[in-house]
1. Let me spell it out: the conditions are (1) touching a strand residue (DSSP E or B) at 6+ places or on another chain (Cβ under 9 Å); (2) modelled with pLDDT under 85, and Thr128 meets all of them except one. Which number is the exception?
2. Taking Leu122, is it closer than 30 Å to Ile233 by Cβ, out of contact with any helix residue (DSSP H, G or I) (no Cβ under 6 Å at 6 or more places or on another chain) and surrounded by 13 or more Cβ atoms within 10 Å (Cβ to Cβ)?
3. Within region 189-233, work out how many residues are part of a loop (DSSP other than H, G, I, E, B) and closer than 17 Å to Asp45 by Cβ.
4. Just to be sure, is Met236 in a strand (DSSP E or B) and modelled with pLDDT under 70?
5. Of everything in region 239-256 that's touching a Gly at 6+ places or on another chain (Cβ under 7 Å), crowded, with 20+ Cβ neighbours inside 10 Å and in a strand (DSSP E or B), which residue is modelled with the highest pLDDT?
6. Would you pick out the residues in region 148-165 that are of a type in the set (Asp, Glu) and modelled with pLDDT of 95 or more?
7. Please determine whether any residue of region 267-276 is of a type in the set (S, T, N, Q), surrounded by 15 or more Cβ atoms within 10 Å (Cβ to Cβ), assigned to a loop (DSSP other than H, G, I, E, B) and modelled with pLDDT under 90.
Amino acid sequence: MLMKKFTFVLFLILMFGFEVQAQKEKNVIEINIPRWRVGVEAGVDVPFGSVNKPSQIRENRSYYPNNDYDYYCGLVLDRTLSHVFYFGAKAEYMLHKRWTVTSGLRLSINKSTLTSDRDYFLWKIEETETSANYIKIKNLSQSNYYLGLPIEFKFFPRQKDYSVRQYFIFGTSFNLLASSNNNIDFDNERMEKYSTDIKAQMGTPNVFFSTIYAGVGLKFGKMNHPFGSIEVIAPMIRISGNSKSFVNMEPVGFSFRTILQIPVAKKKLLTYSVKQ
């Protein structure tokens, strides 16, 4: 009799265990996510810079009356804010359920301007022992185009692929000067004949610079479908290549960017086991 009771209890325990296991298996789903994805990005870097004024500039709080207008020769602003706009294409590979590595090509456009706090400033074009000749300039600007190679790692604190998912970014970029041009806005169009000489005196940007950075991002959408992200990069530190032009960029700044990504290579999948 005791043996029969023991057998019956053991049977009930086994049946209960099978039921629990079946329930667990029922509540577990597998999600296959492509390891590869491609995407495009657009963003803006905001490094602060101080002005390295060329020696040809003359500043003065002077007032020059004219038959048609009243002109003020002012001071060149001591601070300038240079925005670096960039666009790029990337490929990303999922190393792990929480780690990815990204690289691609990025075109950066950096425009910096020298401007007066009044109508114009004066630029010395020639000087003798007894006199100096100046021309009036409203502003000088320099546009630099860099082709960059970013390398980034992303870490997702949460393993499950939620529709909104936070992550951290650690990266570096290497940038090579592709093109540079200067623009001069004269107060008098007849002075444009001096533009070549002035551009030669403005200075040239560095051919190469590199940065390291860290930041946070938010992903919107599932990774097995097209999805987007927004990222805030801070700090962004320039570790080489200080500017040789009239704007000396400070080594620290920050950045904002948006990214659109599309999964590809569906044969190379990363499988998630997620409880419902």
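1. (1)
2. Numbers: closer than 30 Å to Ile233 by Cβ: no; out of contact with any helix residue (DSSP H, G or I) (no Cβ under 6 Å at 6 or more places or on another chain): yes; surrounded by 13 or more Cβ atoms within 10 Å (Cβ to Cβ): yes.
When the stated conditions are applied, Leu122 does not pass them.
3. Step one: filter region 189-233 for residues part of a loop (DSSP other than H, G, I, E, B), giving 202-207, 221-226.
So of that shortlist, the ones also closer than 17 Å to Asp45 by Cβ come out as 205-206.
Looking only at that region, the number is 2.
4. On the way: in a strand (DSSP E or B): yes; modelled with pLDDT under 70: no.
It is false that Met236 is in a strand (DSSP E or B) and modelled with pLDDT under 70.
5. Checked region 239-256; the qualifying residue modelled with the highest pLDDT is Ser255.
6. Our first condition is that a residue be of a type in the set (Asp, Glu); within region 148-165, this holds for 152, 161.
Of everything in region 148-165, just one residue is of a type in the set (Asp, Glu) and modelled with pLDDT of 95 or more, namely Glu152.
7. Step one: list which residues in region 267-276 are of a type in the set (S, T, N, Q), which gives 271, 273, 276.
Now drop any that are not surrounded by 15 or more Cβ atoms within 10 Å (Cβ to Cβ), which leaves none.
No: region 267-276 contains no residue that is of a type in the set (S, T, N, Q), surrounded by 15 or more Cβ atoms within 10 Å (Cβ to Cβ), assigned to a loop (DSSP other than H, G, I, E, B) and modelled with pLDDT under 90.
The values are calculated or read from the model by the stated rules, or taken from the named source; none is laboratory data. Since this is a predicted model, take the numbers as computed values, not measurements. FYI the Cβ positions are ideal-geometry reconstructions off the backbone, even for glycines, and counts take in every protein chain you see.
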